[in-house]
Amino acid sequence: MFEFFCGTSLIHSTRHGTSSQIIEQPKENLFALESIRLLAAATADRPALLSPPITWNRKMNETIADVVVVGLGAFGSATAFQLAKRGLKVIGIDRFAPPHDRGSSHGNTRITRLAAGEGEAYIPFIKRSHEIWRALEAQTGRTLYHRTGGLVIGARDSATHHHAKPDFLQQTIANARQFGIEHEVLTAADMSKRYPQFRLRGDELAYFEPDAGVLIPEACIETQIELARASGASIRFNEPVIDIKEQGDGVIVRTALGKYAAARVVVTAGAWIPGMAGGKMAEHLRVMRQTLHWFATTDPSLYSPARCPIFIWMHGNGDHDYMYGFPMIDGQPGVKVATEQYEAACTPDDFDRHVGADESRAMFDAHVAGRLAAVTSTTVHAAACLYTVSTDSGFVIDRYRDMKNVKVVSACSGHGFKNSAGFGERLALWAAGHDDDTLDRFQVSRLDAYQPGMSSSTSRAS
Ligand SMILES: Cc1cc2nc3c(=O)[nH]c(=O)nc-3n(C[C@H](O)[C@H](O)[C@H](O)COP(=O)(O)OP(=O)(O)OC[C@H]3O[C@@H](n4cnc5c(N)ncnc54)[C@H](O)[C@@H]3O)c2cc1C
């Protein structure tokens, strides 16, 4: 039988940590300064840590921590790391052993770009994420981020529909101007001179951002998990969480192997969230299998990181006239490209992880042929991965099953990774006890304006 938990000692156990632990972010970033101010305020009255990192309550047969993080992929590893480095007692639990290839964070590369056309709400988080990746690189000597520059290419005079924005290209340019992000706007003629890889029609416009580039998702996750562990976090792999319940002022998390009590819980379970959270989350989030393809090239130098930026290319007016791609980073076996599909939903436990030769051929014929110079139809590698897609293509961050001390985070719709380090920091603030309205704009209730179940690429606010 599931036992009840009395939260008094648990809540008391969160009252440690000092504000001096967190004053290490660069001063020029206002967002970072705000984070420091908020966390300092949240932890200022805490006495020094008196107890060992994680405690065991024999009577209740449970392990006690300040925070449990459920799911240690992109967002969970970032949250656990940020909490642990601040001295909080953290238990991070994953059903597999991240980084792994069962969810949304594998495939060797992720695009990062600052002027997110998806919405200005993301930009401070992406900027902060870039600072965190750089700090992690300096601390560990690992490469997490390649600054290759990035292009967003679309038609000059017609719609550039992407991630539920009808004017993604223009929105990107406007956001860059508003946030003072270094960029250039290039004509097709400029592009042809600088980037002979891309065969344009002539009526295109391109946004170029020098700080855009490539993140290595597996390395980012692994690094943050290792550093969380080094700071005292208890990391538990191959242990699916099967139940989360509020008891008194605390929360009980149950797995097949144990019971964990915490003051707050962050659920970052990726594509498993619709099934776990139910309710409006299940109505408004759908899981979509996406495929990634690596094609051979007869001229690898054209796609070297020194010559080729990441690219997002809306090459026609249709919803499907879209691809994105990467330079050949770290000895990648070919040029990696992908598109997106929003028609066929699946579940994370039953999706087909094999990518058929017919799927790679269709990708090549519809998007690559005639557009990427010296890229051939020979597939050298392919992989399937999962998007969790919301009806407006935005993130959903809200209470888990209406529990005030449990936050669920769905980093939706194919643009989450670049945000993950910054959101991890902000979620750590919340889990450390700081309640503010920073994350309220991501609540699921905003999606009441949409018809549940519509695809992200076609959804419109009613
Ligand atoms: C093909 C593809 C391309 C993408 N390209 C980009 C890009 O270029 N740029 C970008 O910014 N973003 C991109 N994204 C999006 C980005 O990768 C995701 O938003 C991000 O990785 C999601 O992170 P997450 O932490 O939510 O999920 P995940 O990293 O999948 O982590 C969820 C974790 O929860 C665990 N879990 C699930 N259920 C349980 C349970 N019951 N108990 C314990 N653990 C559990 C899982 O094992 C998993 O480790 C792409 C996504 C895909 C699929």
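If I ask for residues that are in contact with a Pro (Cβ under 9 Å, 6 or more places away or on another chain), surrounded by fewer than 19 Cβ atoms within 10 Å (Cβ to Cβ) and of a type outside the set (A, V, I, L, M, F, W, C), which ones from the stretch 232-249 would you list?
Matches in the stretch 232-249: 232 only.
Looking only at the stretch 152-175, residues that are without any contact (Cβ under 8 Å) to a residue 60 or more places away in the chain and not charged (D, E, K, R) come to 6 in all. Evaluated against (1) on the phi > 0 side of the Ramachandran plot; (2) assigned by TED's automatic domain parsing to the domain that holds residue 267, residue 108 falls short on exactly one condition, (2). With respect to (1) closer than 22 Å to residue 64 by Cβ; (2) at pLDDT 95 or above, the lone exception for residue 248 is condition (2). Residues that are of a type outside the set (D, E, K, R), modelled with pLDDT of 95 or more, assigned to a loop (DSSP other than H, G, I, E, B) and not assigned by TED's automatic domain parsing to the domain that holds residue 398 do occur in the stretch 181-188, at least one of them.
Where strands (runs of 3 or more DSSP E) fall entirely within the stretch 368-440, those with at least 3 residues that are within 30 Å of residue 321 (Cβ to Cβ) are at 375-390. Taking the listed residues 274, 240, the one that is within 24 Å of residue 442 (Cα to Cα), in contact (Cβ under 8 Å) with a residue 12 or more places away in the chain and in the same structural domain as residue 432 (by TED's automatic domain parsing) is 274, with no other qualifying.
To keep it simple, each residue is scored yes or no on (1) surrounded by 22 or more Cβ atoms within 10 Å (Cβ to Cβ); (2) within 15 Å of the ligand (Cβ to nearest atom); (3) in a loop (DSSP other than H, G, I, E, B).
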position	(1), (2), (3)
75	yes, yes, no
81	yes, yes, no
87	no, no, yes
97	no, yes, yes
101	no, yes, yes
104	yes, yes, yes
115	yes, yes, yes
128	yes, yes, no
134	no, no, no
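Cβ contacts < 6 Å: first residue within 15 Å of residue 374 (Cα to Cα), restricted to the stretch 313-334; second residue part of a loop (DSSP other than H, G, I, E, B), any location; separation 6+ or different chain. Result? Between residues of the stretch 313-334 that are within 15 Å of residue 374 (Cα to Cα) and residues that are part of a loop (DSSP other than H, G, I, E, B), the close pairs are 326/109; 327/148; 327/305; 327/308. Taken together, the residues in the stretch 405-434 that are more than 7 Å from the ligand (Cβ to nearest atom) and either under 23 Å from residue 66 (Cα atoms) or surrounded by fewer than 24 Cβ atoms within 10 Å (Cβ to Cβ) (or both) amount to 18.
Answer yes if at least one residue in the stretch 373-385 is within 16 Å of the ligand (Cβ to nearest atom) and either closer than 20 Å to residue 275 by Cβ or outside the structural domain of residue 316 (by TED's automatic domain parsing) (or both), and no otherwise. Yes, the conditions are met somewhere in the stretch 373-385. Total residues in the stretch 117-126 satisfying the condition of being assigned to a helix (DSSP H, G or I) and within 14 Å of the ligand (Cβ to nearest atom): the figure is 4. Scanning the stretch 395-404 for residues that are within 16 Å of residue 270 (Cβ to Cβ) and more than 9 Å from the ligand (Cβ to nearest atom) gives 396, 397, 398, 400.
Taking the conditions (1) buried (at least 18 other Cβ atoms within 10 Å of the Cβ); (2) within 14 Å of the ligand (Cβ to nearest atom) in turn, residue 227 satisfies each one other than (2). Is it fair to say residue 58 is of a type in the set (Lys, Arg), surrounded by fewer than 18 Cβ atoms within 10 Å (Cβ to Cβ), more than 10 Å from the ligand (Cβ to nearest atom) and more than 30 Å from residue 316 (Cβ to Cβ)? Judged against the criteria, residue 58 is a match. May I ask you to verify whether residue 288 is more than 13 Å from the ligand (Cβ to nearest atom), surrounded by fewer than 24 Cβ atoms within 10 Å (Cβ to Cβ) and in contact (Cβ under 8 Å) with a residue 24 or more places away in the chain? When the stated conditions are applied, residue 288 does not pass them.
The values are calculated or read from the model by the stated rules, or taken from the named source; none is laboratory data. As the structure is a computational prediction, the values presented were derived from the model and not from experiment. Cβ: placed from backbone, ideal geometry, glycine included. Neighbour counts: every protein chain shown.
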